[in-house]
Every structure is written in structure tokens, then in C-alpha cells.
Amino acid sequence: MEKETWIIVGLGNPGLPYAHTRHNAGFDTTDILAARWGVSLTKRKCSGLLAECSVDGKRVALCQPQTFMNLSGQCVAELMQWYKCPLDHLLIIYDDIDLPLGKLRVRGSGSAGTHNGMRSVMQHVPDQVFPRIRVGVGAKPDGWDLADWVLSRYQTREEQDAMADAFRRAADCAEDWLKSGIDHAMRQYNQK
């Protein structure tokens with residue numbers, strides 16, 4: 001019997017103009033995981049950039065959709081079909097403007113909230129019950145257009161340091177989920 005696959009998808013927008021913007025928290029976190037696991041996200045498959053590896057004896061597919069944020073669900077649906085994995089083997093990592101900068105929120109299910117990428121994912125999977133890690137990128141300041149805010153970069157050294165730490169913790173959380181499951185990851189990372 002073929003080994004089950006666990007899928008970790010970091011949401012973001014492809015291309016240099018979007019690199020390291022607030023909306024690309026999922027990409028920044030999956031970059032850290034790829035570096036830790038000694039793989040590179042270069043394989044083009046299922047409308048994304050993919051790396052396959054073994055982590056703690058589990059077969060893992062790490063993915064960054066290349067569809068642009070609002071169509072992320074297309075990539076996730078293709079991955080789910082290709083690997084034939086159950087929803088609880090899927091982890092989505094994405095930015096959240098409703099959380100303070102650098103704060104993580106880990107859940108085993110829930111709605112998409114205001115996030116268009118997650119809304120797209122929800123339209124393409126059969127249920128809302130799958131793990132996700134939300135990475136706080138801070139609320140939109142008064143006078144900012146929402147699209148401009150999520151496509152902006154972290155301006156100050158403090159912001160950059162806080163987010164670098166958040167991406168590391170989100171990567172730790174993803175590894176915790178792989179090893180010990182979503183309930184354990186929630187206990188470990190929601191209080192910090």
C-alpha cells in the first residue's frame with residue numbers, strides 16, 4: 001500500500017514583485033520549512049511549486065500555489081486529487097490582518113474570514129474541517145486601501161524581526177502538527 005501523504009500549502013502570490021509582502025506569509029513560512037528539510041520548491045505540479053520529502057517518517061508534499069492568491073483553491077484541489085489524501089492531512093498557512101503582527105492562531109477548522117485565498121480553498125474542498133495556521137500581519141492602518149496594505153512589505157526593523165520570528169514559529173508549528181497532530185499544535189502555539 002502506498003504511503004499516506006501530508007500536504008502543507010503556504011498561500012501567497014508568485015513573482016518577485018510580491019516576495020516578502022504581508023500577503024506572502026505562507027510562502028515565507030514554507031521557504032523556512034524547505035530550508036530545514038533540505039528541499040527546494042522547484043517542481044512544477046498541480047498549479048504550484050512543490051517539494052516532496054520525508055519528515056519524521058511521513059511523506060510530505062510542501063507547496064506554494066502559483067495561481068495567484070484569489071485562485072489558490074484550484075492548486076489545493078489538484079493536490080488533494082493527486083495525492084488522494086484526507087482533509088485532515090492538509091495544512092494551510094496564510095496571513096491574517098485580523099491578528100496582531102507576529103501572532104499565530106492555529107485551528108482545526110473554521111471559515112475563510114476575509115481572506116480571499118482561503119475563500120478560494122473553501123470553494124474547492126468538500127468541508128471546512130482541515131488544519132490551518134494564520135500568521136498575523138497587523139491590521140490595515142486608517143487611510144490605507146486593503147489591497148495596498150496586504151501587498152506592502154514590513155517597513156521597520158522591529159516589524160521585520162517580529163515577522164521573521166513569526167515565520168519560524170509557524171514553521172515549528174507545522175512540524176509539531178506533522179509529529180503530534182492539530183490538537184497538540186493548538187495547545188502549544190495558540191497561547192504564545
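The values are calculated or read from the model by the stated rules, or taken from the named source; none is laboratory data. It should be emphasised that the depicted structure is a prediction, and the values quoted were computed from it without experimental measurement. No Cβ is skipped: glycine too gets one built from the backbone with ideal geometry, and neighbour counts run over all protein chains shown.
Scanning the stretch 151-183 for residues that are surrounded by fewer than 13 Cβ atoms within 10 Å (Cβ to Cβ) and of a type outside the set (Val, Ile, Thr) yields Gln155, Arg157, Glu158, Asp161, Asp165, Asp183. Among residues of the stretch 1-41 being basic (Lys, Arg) and either under 16 Å from Arg134 (Cα atoms) or modelled with pLDDT of 95 or more (or both), the one that is surrounded by the most Cβ atoms within 10 Å (Cβ to Cβ) is Arg22.
State all residues of the stretch 104-146 that are touching a His at 6+ places or on another chain (Cβ under 9 Å) and over 23 Å from Tyr83 (Cα atoms); if no residue qualifies, say none. Selection gives Arg134, Val137.
Taken as a whole, the stretch 46-64 holds at least one residue that is on the phi > 0 side of the Ramachandran plot and hydrophobic (A, V, I, L, M, F, W, C). Restricting attention to the stretch 131-149, does a residue exist that is touching a Lys or Arg at 6+ places or on another chain (Cβ under 9 Å), closer than 19 Å to Phe68 by Cα, loosely packed, with under 13 Cβ neighbours inside 10 Å and in contact (Cβ under 8 Å) with a residue 24 or more places away in the chain? Checked against the condition, which is being touching a Lys or Arg at 6+ places or on another chain (Cβ under 9 Å), closer than 19 Å to Phe68 by Cα, loosely packed, with under 13 Cβ neighbours inside 10 Å and in contact (Cβ under 8 Å) with a residue 24 or more places away in the chain, the stretch 131-149 yields at least one hit. Taking the stretch 14-29 as the range and being touching a residue at least 60 places away in the same chain (Cβ under 8 Å) and part of a loop (DSSP other than H, G, I, E, B) as the test, only His20 passes. State whether one or more residues within the stretch 62-72 are surrounded by fewer than 21 Cβ atoms within 10 Å (Cβ to Cβ), of a type in the set (A, V, I, L, M), in contact (Cβ under 8 Å) with a residue 24 or more places away in the chain and farther than 30 Å from Gln191 by Cα. Yes - at least one qualifying residue is present in the stretch 62-72. Checked against the criterion of being modelled with pLDDT of 95 or more and under 15 Å from Gly12 (Cβ atoms), the candidates Cys75, Cys46 yield just one match: Cys75. Can you report the number of residues in the stretch 59-80 which are outside any strand (DSSP E or B) and farther than 15 Å from Phe130 by Cβ? Count: 8.
Out of the residues in the stretch 39-58 that are assigned to a loop (DSSP other than H, G, I, E, B) and out of contact with any helix residue (DSSP H, G or I) (no Cβ under 7 Å at 6 or more places or on another chain), which is farthest from Leu79 (Cα to Cα)?
Step one: list which residues in the stretch 39-58 are assigned to a loop (DSSP other than H, G, I, E, B), which gives 39-42, 46-47, 56-57.
This time we only want the ones that are out of contact with any helix residue (DSSP H, G or I) (no Cβ under 7 Å at 6 or more places or on another chain), so: 39, 42, 57.
Working: Val39: 18, Thr42: 15, Gly57: 20 Å.
Once the filter is applied, the top-ranked residue is Gly57.
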